[in-house]
Amino acid sequence: MQKRMLTGLWACASLVVASGCAQTSDNELYPATVNTLTNKQKVQIERVISDWFGGTKVTLADDVFKNSSLVTIERRGHLDSQGRLVDGRHNNQAYSFTLYKKGTQCLLSNDGTGQKIALDNLECVATE
Amino acid sequence: MRLSKLAAVIVATISFSGLTACGGGSNSSGPAPTPTPTPTGPSWQPGVFASASSLEAKCESPRTGIEPFTGQQYPDEAGSSLEEKLWLRSWTNETYLWYDEVDDNNPANYSVLGYFDQLKTTATTPSGTPKDNFHFYQPTDEYNELTQSGVASGYGFDWEFVRNTSPRELVVRFAEPGSPADLAGIPRGASVKLVNGIDFVNTNSSTDIDALNDALFPADNGTTTSFVFELVNGDELAVDVTSADVQVSPVQHVQVLDTPAGRTGYFQFNTFIRTAQYDLIDAFDGFIDENVTELVIDLRYNGGGLLSLASQLSYMVAGPAQTNNAYFETLQFNDKSPNRDPVTGNVIQPTPFYSNEIDYNAGRLLSAVLPSLSLTRVFILTTGSSCSASESVINALRGIDVEVVQIGSTTCGKPYGYYPTDNCGTTYFSIQFQGINYKGFGDYADGFIPTETPNYGYEVPGCAVDDDFSHPLGDPAEGMLSTALAYAETGSCPQPVNPAPVSPDAVNAQSSESSLAIENPLTLKERLILQNKINEPIVTEQE
């Protein structure tokens, strides 16, 4: 909880520096989730993340951000012609993304780079 | 394309030679010919290997733009297929585990991918199977595809391909909790009979098989398919199921059983993914609270994954005293790299038994210590689908003298690993290291074999038992679990131990070469199966 708050404050501070936004409650960032998510909205989130990775295909769960403000993605596990995981012993990197609510906006944050993008036509709810 | 380029070079060389010869005869009487540069590209010389680094990223079709994962420009330069093949050859010579068992064939006789395909050992294991069954490549953009951790696309079935030729048999191992298959009430052991009205078992029509592939492994979510199953009790179940991108539950059926051998913990563990960490911790916390003295880990469908999570699981079984000053696994590369990892250049450091939680997003250890049972014996349920990191758990625990009792069938036999490496848009998987436990053992290329009379390092005390689809997973009456419980009580395998297979003549009838065969299985999560070559595999097979 405390960690989340700190994350939110840090993220807000970053945004302040980046955009010069005023530090009002409407401009603070709060980790957020969604109550409902259409396939179109999910595709929008996938597209934003995909763009951050140069167009790489991204697949998210149908209920992404419904139960958590954080989502982690990683390389998809591929199977060989005999049905075995090609890379069954690995320590691959993961990439995390956080959904924030800022005023009436929902922002998707690339936690690795700090980049944030507003998601149109998405309603989210601050979790704290 | 490659041949015509090569031909152009040859023509240029011949022309130059001709001009030189003519010019040589007219040196004193005419102007000196304009010097034409002699092609100086690399060439194949048997037994002579340029460094791989001098040949990398010299591509017949160089990529341009920004590399998605690094944000840097692609390193590709204009080159040739010959240079791509020579890079593969040198890279293999430098890093392949069995580089000295690879024939140094002339690359001119191969395509790039065909050349890679033969850059491997042809030796066999003691059982006669190829020693290197894991040589692989795929387009880099496919390799880089990303997915939310633990998300699988489809209906949520985990399939058992019992028989891939007519009469086919495709059985539900389990349905992911909360998945469309689960919500439709399709139980373990249900056997597919009809798919969208097509006779799954008997059809030999290519059109039908195409339709079956499309229906069983839909490309997109939202695809609704009508199934008719035959259940274990003989009843039929007709249901419509709609595909989705669902979050899988890697740890299932966590429970504590009161048995004659004592309080016995059990859980089914399907894949080593980062989202499993806290499920495992919760399970072990519960076992500790319940004073568990025996543990059964069901890895029968676990094909591996994160090695660090395998280390954490092993620690939670063995505890601090048994893991103190020991390591989970170290890597052995080829004899050119006894001390340094040839890919990273780092000194080889064993993977420890991780005793702490890991922040997998940040890639760092946390201060919280993992729970542990400090067991001296553990039962592990296996099948041929138990692979890689699953096998490393068995090997690592045996490396510190934790008694592993293996119940089920022989594991897949993959003590090996690699650094998937891109060159010119293709990612290559060539075995570069072998995992070795604390006792220095890692030779289980034929898998770990459960036996009552083990004689070799790859033979593990335990009982050979077939998978039992007639009972739910986690049911104490299920064949493999019941055998483990009986062994825990008596110290020996119950007789008989083998439950009836799914159908009398079905098991192990999968290897037909028929063009109408269904190809093995798990691949199904991503591609199909019903062979006749139905769908293009997401993972390209070697040519």
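If only the Cβ of Lys and Arg carry +1 and only the Cβ of Asp and Glu carry -1, the dipole of segment B:110-162 around its Cα centre is close to 280 debye.
Give the residue from B:G408, B:Q349, B:N437 lying farthest towards the positive end of the charge dipole for segment B:251-490; charges sit on Cβ (+1 for Lys and Arg, -1 for Asp and Glu) and the dipole is referred to the Cα centre. Positive-most Cα among the choices belongs to B:Q349. Restricting the calculation to Cα atoms, segment B:44-123 shows an Rg/Rh of 1.01 when the hydrodynamic-style radius is the Kirkwood one.
Computed from the Cα positions only, the extents of segment B:213-370 along the three principal axes stand at 58, 47, 30 Å, in decreasing order.
Our coupling estimate for segment B:412-421, obtained by passing each phi through the Karplus curve with A = 6.51, B = -1.76, C = 1.60 and θ = phi - 60°, is 6, x, 9, x, 10, x, 7, 9, x, 10 Hz, Gly and Pro reported as x.
The charge dipole of segment B:250-334, taken about its Cα centre with unit charges on the Cβ atoms of Lys, Arg (+1), Asp and Glu (-1) only, comes to about 280 debye.
With a sphere of radius 13 Å drawn around the Cβ of A:N35, what net charge do the other residues whose Cβ falls strictly inside it have (Lys, Arg +1; Asp, Glu -1)? Net charge in that neighbourhood comes out at 0. Over all orientations, segment B:268-323 has a Cα convex hull whose mean projected area works out to 4.0 square nanometres.
In segment B:394-439, the alpha-carbon atoms span a convex hull of 81 Å³ per residue. Annotation: amide H of B:T427 within the under-5 Å range of B:Q138, B:T140, sequence separation 5 or more or interchain, hydrogens built in the peptide plane. Summing charges over neighbours of A:L108, with a neighbour being any other residue whose Cβ is under 13 Å away from its Cβ, gives +1 when K and R count +1 and D and E count -1. In this structure, the pairs whose alpha-carbon distance is over 32 Å, taken from A:K57/A:K101; A:K57/B:K58; A:K66/B:K193; B:K120/B:K193; A:K57/B:K439, are A:K66/B:K193; B:K120/B:K193; A:K57/B:K439. Across all directions, the average projected area of the convex hull around the alpha carbons of segment B:327-368 is 3.7 nm². Put simply, the amide H of B:I297, placed in the peptide plane, has neighbours under 5 Å in B:F379, B:I380, B:L381, leaving out anything fewer than 5 places away on its chain.
Between amide H atoms placed 1.01 Å from N, distances below 5 Å from B:E403 occur with B:R377, B:V378, all of them 5 or more places distant or on a separate chain. Using θ = phi - 60° in the Karplus curve 6.51 cos²θ - 1.76 cosθ + 1.60, the 3J(HN,Hα) couplings for segment B:175-190 round to 10, 4, x, x, 7, x, 5, 5, 5, 7, x, 8, x, 4, x, 5 Hz; x is entered for Gly and Pro. Computed from the C-beta positions of B:D141 and A:Q93 and an R0 of 22 Å, the FRET efficiency is 0.80 to the nearest 0.05. State whether segment B:251-490 is rounded, prolate or oblate according to the following rule on the C-alpha gyration tensor (a ≥ b ≥ c being the square roots of its eigenvalues): a/c under 1.5 gives rounded; otherwise a/b larger than b/c gives prolate, and the remaining case gives oblate. It comes out prolate by the Cα gyration axes. Rg and Dmax over the alpha-carbon atoms of segment A:58-128 stand at 15.6, 51 Å. With θ taken as phi - 60° and the Karplus curve 6.51 cos²θ - 1.76 cosθ + 1.60 applied, the whole-hertz 3J(HN,Hα) list for segment B:294-309 is 10, 9, 10, 9, 9, 9, 5, 10, 9, x, x, x, 5, 5, 5, 6 Hz, x standing for glycine and proline. Each of A:V125 and A:N27 was given a label point 7 Å from its Cα along the Cα-to-Cβ line. The distance between the two points is 2.8 nm. Rounded to the nearest 20, the size of the Cβ-charge dipole of segment B:44-123 about its Cα centre is 100 debye, with Lys and Arg at +1 and Asp and Glu at -1. Compute the Cα gyration tensor for segment B:306-408, then decide on rounded, prolate or oblate, letting a ≥ b ≥ c be the square roots of its eigenvalues: rounded whenever a/c is under 1.5, prolate when a/b is larger than b/c in the other cases, and oblate in all that remain. Oblate is the answer for segment B:306-408, as a/c is 1.5 or above yet b/c matches or exceeds a/b.
All of the numbers you see were taken from the coordinates with simple rules; none came from a lab. What you are looking at is a predicted structure, and each value in this text was computed from that prediction instead of being measured. Glycine also receives a Cβ, built like all others from the backbone with ideal geometry; neighbour counts cover every protein chain displayed.
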